[in-house]
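Asks: Dropping a structure here in structure tokens format, bear with me for questions.
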Amino acid sequence: IVPYAPQMPSPSTVLSGLGVLLLFHSAYSALQYRSILLSAVDIPEHLNPDRPPLDAIVEVIVAFGFCLLGQLLSESFQGVRATTSSAGSKKGGRKAMSSTSAPAYKTRDFDLYRTTRKRI
């Protein structure tokens, strides 16, 4: 029997999770701020219940930064590779690059739109 050994989450998971939590907290904070202002009897002129508070705006920007940094650190990017054409045609002393093609989609809506446009 192998004992269970918990693993530490990766830094990208921690940063992304923290970003999502901050984003939810800023939404809750903005809603609470609005409800307090709407229930108040005398609202000062400089406070507008239709605008979020400055701390919620800053918190959204920080949360976006954490989420972005977490995704950039995740190392789950797919490689992009440029291949030369097999014909070996030369343009200006260099091999011509082959055209790239999009991945096969489950539906053919885009292809049908393109062929319909050509018929018109």
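The values are calculated or read from the model by the stated rules, or taken from the named source; none is laboratory data. Keep in mind that what you see is a predicted model, and the values were worked out from it rather than measured. So basically every Cβ, Gly included, is an ideal-geometry build from the backbone, and we count neighbours across all protein chains shown. Calculation scope for accessible area: heavy atoms of the full protein, side chains included, ligands and nucleic acids excluded. Shrake-Rupley method; radii C 1.70, N 1.55, O 1.52, S 1.80 Å.
Asks: Of the residues that make up segment 34-53, is at least one among the acidic types (D, E), closer than 30 Å to P9 by Cα and modelled with pLDDT of 60 or more?
Replies: The answer is no, given that none of the residues of segment 34-53 is among the acidic types (D, E), closer than 30 Å to P9 by Cα and modelled with pLDDT of 60 or more.
Asks: If the requirement is being touching a residue at least 12 places away in the same chain (Cβ under 8 Å) and out of contact with any helix residue (DSSP H, G or I) (no Cβ under 8 Å at 6 or more places or on another chain), which of these qualifies: L37, L73?
Replies: That would be L37, the only listed residue that is touching a residue at least 12 places away in the same chain (Cβ under 8 Å) and out of contact with any helix residue (DSSP H, G or I) (no Cβ under 8 Å at 6 or more places or on another chain).
Asks: Within segment 1-51, take every residue that is part of a helix (DSSP H, G or I) and of a type in the set (F, W, Y) and give me the one that is farthest from L73 (Cα to Cα).
Replies: Among those that are part of a helix (DSSP H, G or I) and of a type in the set (F, W, Y), it is Y33.
Asks: Shifting gears a bit: I need the full set of residues from segment 1-35 which are more than 21 Å from the chain's Cα centre (by Cα) and hydrophobic (A, V, I, L, M, F, W, C), in order please.
Replies: I1, V2, A5, M8, A30, L31
Asks: Go through segment 45-71 and report how many residues are more than 18 Å from G17 (Cβ to Cβ) and either open to solvent by less than 60 Å² (accessible area, probe 1.4 Å) or touching a Ser or Thr at 6+ places or on another chain (Cβ under 6 Å) (or both).
Replies: 4
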